[in-house]
Amino acid sequence: MLTITVTQRRELKAQAHALNPIVMIGKSGLSANVVGEIERALSSHALIKIKAQVDDRAARDVVLEEICQLTNAAPVQHVGKVFVIYRPKPEEIEKKLERVPSKKKRPPLRRKRDFQNE
């Protein structure tokens with residue numbers, strides 16, 4: 001299971017506020033098809049909301065933990081029947097690893113006043 005820092009969690013919560021639930025988990029619980037749908041959603045969006053129709057809070061906690069274990073994602077938030085989970089896209093991970101140093105700064109442009117003192 002992926003872990004994230006407190007500051008990352010705060011930023012992700014702010015981003016997730018405007019999202020609508022993408023995946024719905026019915027009363028039958030977590031099935032292989034639902035996990036596959038969560039995988040597809042995470043690979044295309046990275047940050048998703050999931051709504052569970054399970055009434056028991058302890059059962060919802062178990063479902064959230066199981067989802068995060070199966071998908072290697074990090075739980076961001078759990079409010080009522082709505083979960084927010086995050087898993088960075090593979091492209092984002094590669095970009096972080098292959099970060100190229102920035103180009104050299106060019107010298108500032110010369111102004112008319114700069115030429116007058118020569």
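Testing Lys105 on (1) touching a Lys or Arg at 6+ places or on another chain (Cβ under 7 Å); (2) without any contact (Cβ under 8 Å) to a residue 40 or more places away in the chain, one condition comes back false. Which one is that?
(1)
Would you pick out the residues in segment 1-34 that are assigned to a helix (DSSP H, G or I) and of a type outside the set (A, V, I, L, M, F, W, C)?
Thr7, Gln8, Arg9, Arg10, Glu11, Lys13, Gln15, Asn33 - these are the residues of segment 1-34 that are assigned to a helix (DSSP H, G or I) and of a type outside the set (A, V, I, L, M, F, W, C).
Within the bounds of segment 56-69, is there any residue that is of a type in the set (Gly, Ala, Ser), at positive phi and either at pLDDT below 95 or not in a helix (DSSP H, G or I) (or both)?
No, segment 56-69 contains no residue that is of a type in the set (Gly, Ala, Ser), at positive phi and either at pLDDT below 95 or not in a helix (DSSP H, G or I) (or both).
Mind listing just one residue for me: the one in segment 76-87 that is free of Cβ contacts under 8 Å to residues at least 60 places away in the same chain and not β-branched (Val, Ile, Thr) and, of those, nearest to Arg40 (Cα to Cα)?
Phe83
Can you give me the number of residues within segment 47-63 that are under 17 Å from the mean Cα position of the chain (by Cα) and buried (at least 18 other Cβ atoms within 10 Å of the Cβ)?
Total meeting the criteria: 4.
I need a count of the residues in segment 1-43 that are surrounded by fewer than 10 Cβ atoms within 10 Å (Cβ to Cβ) and farther than 21 Å from Arg60 by Cβ.
Matching residues across segment 1-43 total 5.
Against the definition (modelled with pLDDT of 90 or more, over 22 Å from His17 (Cα atoms) and outside any strand (DSSP E or B)), how does Glu37 come out, yes or no?
no
The values are calculated or read from the model by the stated rules, or taken from the named source; none is laboratory data. Remember, it's a predicted structure, so these values are computed and weren't measured experimentally. Positions of Cβ are backbone-derived with ideal geometry, glycine not excepted, and every protein chain shown enters the neighbour counts.
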